[in-house]
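Quick note: the coordinates plus some simple rules give every number you see, no bench work behind them. Not measured: the values here are computed from a predicted model. No Cβ is skipped: glycine too gets one built from the backbone with ideal geometry, and neighbour counts run over all protein chains shown.
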Amino acid sequence: MTQLLVIGGASLDTLVLNDQKITSAGGGGIYTCLAAICSGADATLFAPKPEPMPVEFVEAASRLKAWTGPVIPAGRMPRFEIEHRGDKANYRKAFNDAEAELTAAQLPADLSRYDFVHVTPLGDSQRQQEFLRACRERGARRLSAGTYLCTLREQPEVVRQNMALADVFFMNEEEACLLFGALDKVNSTAGKLVFVTLGAKGALVVQGNKQTLVDAVHADVVDPTGAGDSFCGAVLAGLMDSLTPIMAAKKASALAAEAIGAIGIEGLLFK
């Protein structure tokens, strides 16, 4: 079975849905791992690991190949309060805590056993770059990464550097327009891939100067949290399984549609 390592992105989220607050396991890394597992890969998470494990994470943690990283008290888990208005997520409160202390020096010395290593935004593009470089030095065969609107606004040049370091890069439409100036200007370096999620409009697969639109799969949206990360995890699983980028994106769009039909990570746990 193919092996994915995901760095960062485990948080205890408060989701605000129709003015109701719901606590859920979350974080880009968790969604990415679970989506990859649903798509047939094994996934290992490298992130601060809470002990005791909060009840919200027990089932998700049991699906992982492993959860590695520094052990922390459960009370120090990153926490976010996320409110959705249509396709937009409003982070009303953010508390990164222990993830801000995660360092590339804590990574395993040899990453060559993984088919792909994915580095989440980690709340800071410069720290993300340190991890990307360390992964290359430690033998990562293929690297992927994503960005985050706030860090992109603050560190656009660093994000461009990170995109150049990765073999595959993920972003949403707003991030793509900010980074490239317009959606039709998005391109990738030869031999590399860029995926742009467009919400209900689908996703763009960018190979060099060629853009291919993959239609979205109809979804009865309950909670759009983690849609982009679910797409990311499924795409990576598809690429590891030798699917073409377009076919991987089509399968990922279908999985993302299922994921957002439930609250939090439930759509990925009970698939």
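Which residue, D167, D19, D124, has the most motion in a Gaussian network model of the chain that connects Cα atoms within less than 10 Å?
Fluctuation is largest for D19.
By its C-alpha gyration tensor, with a ≥ b ≥ c as the square roots of the eigenvalues, how is the chain shaped: rounded for a/c under 1.5, else prolate for a/b larger than b/c, else oblate?
On the way: a/c = 1.31, a/b = 1.10, b/c = 1.20.
Rounded is the answer for the chain, as its axis ratio a/c remains below 1.5.
Determine the alpha carbon to alpha carbon distance for each of K185/K210; K21/K201; K21/K65; K201/K251 and list only those over 21 Å. Could the numbers behind the result be given before it?
Working: K185/K210 10 Å; K21/K201 28 Å; K21/K65 31 Å; K201/K251 15 Å.
K21/K201; K21/K65, as the Cα separations exceed 21 Å there.
Under a Cβ-Cβ cut-off of 10 Å, what is the net charge of the residues other than L236 that fall near it, where Lys and Arg count +1 and Asp and Glu count -1? Please report the intermediate quantities before stating the final value.
Details: positive: R142; negative: D115, D241.
Every neighbour counted, the sum reads -1.
According to a simple spin-label model (label point 7 Å from Cα along Cα-to-Cβ), what is the distance in nm between F95 and K201?
With each label point 7 Å from Cα toward Cβ, the separation is 3.7 nm.
Can you bin segment 63-174 into rounded, prolate or oblate? Criterion: square roots of the alpha carbon gyration tensor eigenvalues sorted a ≥ b ≥ c, rounded for a/c under 1.5, prolate for a/b above b/c, oblate for the rest.
Values: a/c = 1.81, a/b = 1.21, b/c = 1.49.
Because a/c hits 1.5 or more and a/b fails to exceed b/c, segment 63-174 counts as oblate.
Arrange the peptides 65-76, 197-208 so that the one whose residues have, on average, the most other Cβ atoms within 10 Å appears first.
Top to bottom by mean Cβ count within 10 Å: 197-208, 65-76.
Anyone know which of V119, V55, V159 comes out most mobile in the 10 Å Cα GNM of the chain?
Among V119, V55, V159, the largest mean-square fluctuation in the Gaussian network model of the chain belongs to V55.
Say we join alpha carbon atoms closer than 10 Å with springs in a Gaussian network model of the chain; which of F116, F180, F169 then has the biggest fluctuation?
Largest GNM mean-square fluctuation: F180.
Just to confirm my numbers, what's the Cα centroid distance between segment 42-104 and segment 185-244 in Å?
The two parts, judged by their Cα centres, are 24 Å apart.
Considering only the other residues whose Cβ falls under 13 Å of the Cβ of R136, what net charge follows from Lys and Arg at +1 and Asp and Glu at -1? Please report the intermediate quantities before stating the final value.
Working: positive: R133, R138, R141, R142; negative: D110, E130, E137, D167.
Net charge around R136: 0.
Can you bin segment 18-65 into rounded, prolate or oblate? Criterion: square roots of the alpha carbon gyration tensor eigenvalues sorted a ≥ b ≥ c, rounded for a/c under 1.5, prolate for a/b above b/c, oblate for the rest.
Details: a/c = 2.20, a/b = 1.37, b/c = 1.60.
Verdict is oblate for segment 18-65.
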